[in-house]
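In what follows, a single structure is set out as structure tokens and then discussed.
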Amino acid sequence: MLLMGVGALTAHADPDIDDVREQRDETQAELDEVNATLEELAAEQEDVDAQIAEVGEALMQVMAEIEVLEGQIADKEDEIRIAQIELEEAEQRAVDQYESMKIRIRYMYEQGESSYAMLLLQAESFSDMLTKADYIEQLYEYDRNMLVQYQETVQEVADMKAALEVEREDLLGLQKDHEEEQAYMEDVIAELKEVSDDFAAEIRTAQAQAAQYAKEIRAQNAQIARLEEEARKKAEEEARRKAEEEARKRAEEEARKKAEQEAAAARAAAEGQVAESKETGTIKTTNSSTYDISSIYAANGGDTGKAIAAFACQFIGNPYVAGGTSLTNGADCSGFVFSVYKEFGYKVPRTSYALRSAGREVSYDQAQPGDVICYPGHVAIYIGNGMIVHASTERSGIKISKAAYRSWITIRRII
């Protein structure tokens, strides 16, 4: 079985941890299956090895018996050689006895009966004659008995040799049976060893698979741990970000509420500052001058826009300062618009360019006090009756001018 490499898990930049866990569980299941197979193979190999040992013991017993038989056969062959020597000696003695007997018989035959008669006549007495006759008889009997005895010895030795040869043949047959049994057992052991070797090869393959699976599981566990750590850090970072976001929102909300409160207070203060001017039609500037604003309240438009226009007029005569936003100490054109609206709680862009997109556009004939007129590189607050208040230049400062003193780009209504 081909194993999926760990690289398959890391092929994507950021694999899903659940996918890695699922792959790890699948790999673990495959490892468990391989381990179960290993146990089965080991048990089967153990059984085969036990059979090899059992047959091996029987083979050793047979070989030992063959060795004993070989010794017994060697002993029988020694006994047969000895018997052969004894047989040859007995046969030789029988032949010698037979030859001696033939010589005596031939001698007595050649001499005739006179030799026997002479032997008897030479007897000194009857008793001596009987003794000599008995001697002759004993001589014949001796020769006959010795011949028979030697012949019997030859037969006994021959029978013993034959019996030994039969025993030897039996031992050789038994040895052959044992050798055949030995060959059979050796074949069985060889076959069993091949089976055991096959099991060993399968076990090695399974062990290699198990090692590969274990290696992959370690890599997967490491990857899971890494992903879990990344997820933990991500969760912590997300929690921190959320906490910061909530804190930021709370701060912004508090700032918004505070700004609204400050804007409401500023608006109330600003409106309070111009409330009296609405009745009198004039406003006192910060440099103690008086400016007629009755035209502002006589124009079309809302009260807030008129209040903004009237409020802006009290700073006429104050200096122009590039980049400034102070209504009393100095402001540029956009800083002047920005700060006037801020006093009423409105947040408008700080630059003249950005103010061109603030609020909504209206036409000049629809312009009302409080609208912002945008010129190329300049902005002003419309105060009605074709007039504007603006931070003009460093030389003239904040002043009143005709709205049409130069061509405008757009007119924006903020309120």
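The values are calculated or read from the model by the stated rules, or taken from the named source; none is laboratory data. In this text, all values refer to a predicted model and were calculated from it rather than measured experimentally. Note: ideal-geometry Cβ built from the backbone for every residue, glycine included; neighbour counts use all protein chains shown.
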**Prompt:** So which residues in the stretch 346-373 are within 19 Å of Gly301 (Cα to Cα) and touching a helix residue (DSSP H, G or I) at 6+ places or on another chain (Cβ under 8 Å)?
**Reply:** Tyr346, Tyr364, Ala367, Gln368, Pro369, Gly370, Asp371, Val372, Ile373
**Only listed residue being in a helix (DSSP H, G or I), basic (Lys, Arg) and assigned by TED's automatic domain parsing to the domain that holds Tyr297, chosen from Lys347, Lys342** = Lys342
**Fill in**
Within the stretch 348-383, of all residues that are among the aromatic types (Phe, Trp, Tyr) and in contact (Cβ under 8 Å) with a residue 40 or more places away in the chain, the one nearest to Ala403 (Cα to Cα) is Tyr382
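Listed here are the residues, each with its yes/no results for (1) basic (Lys, Arg); (2) out of contact with any Pro (no Cβ under 7 Å at 6 or more places or on another chain); (3) at pLDDT below 80.
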site	(1), (2), (3)
Ala235	no, yes, no
Glu245	no, yes, no
Glu254	no, yes, no
Lys257	yes, yes, no
Ala263	no, yes, yes
Ala269	no, yes, yes
Glu276	no, yes, yes
Ser294	no, yes, no
Ala299	no, no, no
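Conditions (1) under 24 Å from Asp292 (Cα atoms); (2) acidic (Asp, Glu); (3) in contact with a His (Cβ under 7 Å, 6 or more places away or on another chain), marked per residue:
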site: Pro349; (1), (2), (3): no, no, no
site: Leu355; (1), (2), (3): no, no, no
site: Ala358; (1), (2), (3): no, no, no
site: Asp365; (1), (2), (3): yes, yes, no
site: Ala380; (1), (2), (3): yes, no, yes
site: Gly384; (1), (2), (3): yes, no, no
site: Val389; (1), (2), (3): yes, no, no
site: Trp408; (1), (2), (3): no, no, no
**Check on Ile409, within 24 Å of Thr328 (Cβ to Cβ), in the same structural domain as Asp303 (by TED's automatic domain parsing) and more than 60 Å from the chain's Cα centre (by Cα)** = no
**Prompt:** Looking at (1) of a type in the set (Ser, Thr, Tyr); (2) buried (at least 21 other Cβ atoms within 10 Å of the Cβ); (3) farther than 16 Å from Ile415 by Cβ, which is the one condition that is false for Tyr341?
**Reply:** (3)
**Complete:** Here the residues within the stretch 142-171 that are acidic (Asp, Glu) and at pLDDT 75 or above are Glu152, Glu156, Asp159, Glu165, Glu167, Glu169, Asp170
**Fill in**
Checked Ala235, Ala239, Ala206, Ala255 against criteria (of a type in the set (Gly, Ala, Ser) and in contact (Cβ under 8 Å) with a residue 12 or more places away in the chain); the one match is Ala206
**Request:** Under 8 Å between Cβ atoms, at least 6 apart or on separate chains: pull out the pairs that start in the stretch 35-55 with a residue that is within 14 Å of Ala201 (Cα to Cα) and assigned by TED's automatic domain parsing to the domain that holds Ala214 and end on any residue that is among the acidic types (Asp, Glu) and assigned to a helix (DSSP H, G or I).
**Result:** Leu41/Glu202
**Asked** For residues in the stretch 300-324 being surrounded by fewer than 19 Cβ atoms within 10 Å (Cβ to Cβ) and within 19 Å of Asp371 (Cα to Cα), which is nearest to the chain's Cα centre (by Cα)?
**Response** Thr304
**Message:** So the check is Cβ under 7 Å with 6+ separation or different chains; which pairs have a first residue in the stretch 404-415 that's in contact (Cβ under 8 Å) with a residue 40 or more places away in the chain and β-branched (Val, Ile, Thr) and a second one that's crowded, with 19+ Cβ neighbours inside 10 Å and assigned to a helix (DSSP H, G or I)?
**Reply:** Ile414/Tyr341; Ile415/Gly305
**Asked** How about the stretch 375-395: which of its residues are in contact with a strand residue (DSSP E or B) (Cβ under 7 Å, 6 or more places away or on another chain) and surrounded by fewer than 24 Cβ atoms within 10 Å (Cβ to Cβ)?
**Response** Gly386, Met387, Ser392, Thr393, Glu394
**Request:** Look through the stretch 325-338, keep the residues that are without any contact (Cβ under 8 Å) to a residue 40 or more places away in the chain and out of contact with any Phe, Trp or Tyr (no Cβ under 7 Å at 6 or more places or on another chain), and return whichever of them is surrounded by the most Cβ atoms within 10 Å (Cβ to Cβ).
**Result:** Phe338
**Message:** Among the residues of the stretch 180-191, are any within 18 Å of Asp75 (Cβ to Cβ), assigned to a helix (DSSP H, G or I) and touching a helix residue (DSSP H, G or I) at 6+ places or on another chain (Cβ under 9 Å)?
**Reply:** no
**Yes/no for Asn318 being in a loop (DSSP other than H, G, I, E, B) and touching a residue at least 60 places away in the same chain (Cβ under 8 Å)** = yes
